[in-house]
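A quick write-up on the structure given underneath.
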């Protein structure tokens with residue numbers, strides 16, 4: 001009996017060690033502030049509060065600050081007629097989503113939002129359709145420019161007012177190509193800065209949002 005007990009305890013010990021080893025391999029490592037920065041993510045020591053806002057997606061669905069509660073949100077400011085930067089960045093976020101899905105990373109408290117910086121041309125339906133062209137889980141939203149400027153300014157996204165000429169869209173060339181990270185309290189937590197390397201984006205995102 002003693003031998004059987006010893007074998008049993010050894011087997012349990014080996015199984016426990018193996019489980020801990022597998023867990024260590026599959027659980028994203030929590031990076032230091034400097035490691036996050038080196039990999040392209042700047043995190044604020046103290047997340048910044050933002051004021052209430054209201055945008056609209058397809059079918060008149062409203063998107064407000066309340067929709068940030070309980071979820072990690074990646075928010076990108078772009079527009080449907082963007083020639084290069086926007087689709088490239090949106091594709092990087094799409095790649096990130098696919099990597100997370102393939103790793104069975106928890107996504108029930110994650111969301112991805114595209115805010116139009118060209119509300120004069122991007123209707124809520126158009127921006128949402130554009131966003132969902134990259135991934136069905138994307139939410140595309142738009143609203144009048146004063147609301148856009150209020151939110152963009154709080155999130156350090158430069159977007160100047162258009163000229164009086166309705167055909168002049170040069171102001172859109174000056175937008176900052178950052179990806180904004182908002183925490184589950186709806187606070188401005190950090191900024192992913194270009195260029196976006198998918199390995200660094202995936203590593204840092206998992207590190208700060210892992211449960």
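Readers should treat all values here as calculations from the given coordinates under stated rules, not as data from a laboratory. Nothing here was measured: the structure is a model prediction, and the numbers come from that model. Counting neighbours? That spans all protein chains shown, and the Cβs are built from the backbone with ideal geometry, glycine included.
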So, with points 7 Å from each Cα along the Cβ direction, the residue 199-residue 125 label distance in nm works out to 4.5
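Quick check on packing: order 134-143, 95-104 by the mean number of other C-beta atoms within 10 Å, highest mean leading.
Details: 134-143: 20.5, 95-104: 14.5.
Packing proxy ranking, top to bottom: 134-143, 95-104.
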If we sort 114-120, 31-37 on the protection proxy, mean other Cβ atoms within 10 Å, highest first, what's the order? 114-120, 31-37
How many nm is it between the label spots at residue 34 and residue 109, if each spot is 7 Å from the Cα in line with the beta carbon? 2.9
